[in-house]
Amino acid sequence: MSERKAIFITGGGSGIGRATALYFAKRGWFVGIGDIDALGMEVTLDQIGNGFSYMVDLDVRDRAAWDRALDTFSTATGGRIDVMFNNAGIGIDGPIVDNTVEEIERCLDINLKGVIFGAQAAFPHLRKTAPGSALINTASAAAIWGVPNLSVYSATKFGVRSITEALDIEWAESGIRVASLMPGFIDTPILDSVTSDQSNMSGKQQLLEAGMEVNPVEVVPEVVWNAVHGNDVHYTVGKMAKRVRRAARWFPNRV
Ligand code: NAD
C-alpha cells in the first residue's frame, strides 16, 4: 500500500468540499473528489495543482456509481482510502407547506440517502486502512436545533447526526472513527438556496441583514482535520446562529 494517505470528498467541486480538498492536498494527502459539477471539480483540481488528485463524476444518489467511484479512486491511490468525507448536500427553504414533493425528495435523497450510500460504499475501504481511518459526515447546526423554514433540511441533518452516532459504535470494533461536522452559516453558494426571497440580495447579505454570523469557508478544513484525528463524535464549526429561532419570527420565510 502506498505511503501517502488518501481522502475522498463529495461535493468537492465547491465550497466546503473544495476548501477541504486544498487543505488536505497541502498536507501531502492524495485527494479524490466526487461531484455532479464537473466544471467545479476541474477548478478544484487546478487549484491543487499536483498529480496527487483525482476527480470522478458522482451523483451521491446512485448506489452503483458509488462502488465504481471508490474502486477506481482506490486503484489511483495505490490501494488506500483513509478518510471518506461525506459532504455533498443541498438546501431547501421555505414553510413546509410550500415545499414541493420533488424538492423534498431531492433533499432527502442527496442529504440523507447519499450519506447512507457513501458509508456503505466506503466501509470495505476504510476497514482496510483501519485503525486510523475515518468517516466524516457533514451535518449542520440544523442538526442541533430544528430550524424554522428549513424544516426538511433540518430533518436530513438530524438524520446525518443519528447515523454518525450509530456508526461510531457500530464500526468501533473495525477501528474506524466516525464523526460529524456541525457548521454554522458558512460563506458558500449554498446560502443562496437556503435564503432565497424576492429581493435582489444574495443569501449572505440576507443573513447578515438578519443579524446572523456568516463564517468564512476557511474555518472548516481545520475542523475536518481535527475530526479525522480526534476522539469526539460531533464537531461544531465556526460561530453558531443561536438567534436563528428568534430571527425566524420577524424574518418569516427565511432562516
Ligand atoms: P456548496 O453548494 O458550495 O457545495 C455543495 C456541493 O455538493 C456542490 O459542489 C454540488 O454540486 C454538490 N452536490 C449537490 N448535489 C450532489 C449530488 N447529487 N451528488 C454529488 N454532489 C452533489 O455548499 P457547501 O456549503 O460547501 O455545502 C457542503 C455541505 O455543508 C452540505 O452538506 C451542506 O448542507 C453543509 N452545510 C453548509 C453550511 C453553510 O452555511 N454553507 C452550513 C451547515 C452545513
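Observations
- Compared with the dominant principal axis of the Cα atoms in the chain, helix 220-229 is inclined by about 50°.
- Spin-label model distance (nm) - residue 193 vs residue 2, 7 Å beyond Cα toward Cβ: 3.0
- Taking a sphere under 10 Å around the Cβ of residue 132 and counting the other residues whose Cβ falls inside, with K and R at +1 and D and E at -1, yields a net charge of +1.
- Nearest-0.05 FRET efficiency for residue 96 and residue 71, computed from C-beta distance (R0 51 Å): 0.85
- Neighbour net charge for residue 163 - beta-carbon separation under 12 angstrom, K R +1, D E -1: 0
- Seen against the Cα atoms of the chain and their longest principal axis, helix 15-26 is set at about 30 degrees.
- Surrounding net charge for residue 231, when Lys and Arg each add one and Asp and Glu each subtract one, Cβ distance under 11 Å: -1
- Förster radius 22 Å - calculated FRET efficiency between residue 172 and residue 120, Cβ distance, rounded to 0.05: 0.80
- Pairs of Cα atoms nearer than 8 Å and 6+ residues apart set the relative contact order; for the stretch 95-214 it is 25 percent.
- Spacing of the two label points (7 Å from each Cα toward its C-beta) at residue 226 and residue 109, in nm: 3.6
- At q = 0.16, 0.17 Å⁻¹, base-10 log of I(q)/I(0) for the chain (Debye sum, equal scatterers on each alpha carbon): -1.15, -1.29
- Whole-number percent relative contact order across the stretch 95-153, with pairs defined as alpha carbons under 8 Å at least 6 apart: 63
- For the pair the stretch 130-207 and the stretch 22-70, the centres of their Cα atoms are 20 angstrom apart.
Here, each number is a calculation from the coordinates, and none is a lab measurement. The model shown is predicted, which means the values in this text are computed figures rather than measured ones. Reconstructed Cβ throughout: ideal geometry from the backbone, glycine too, with neighbour counts over all protein chains shown.
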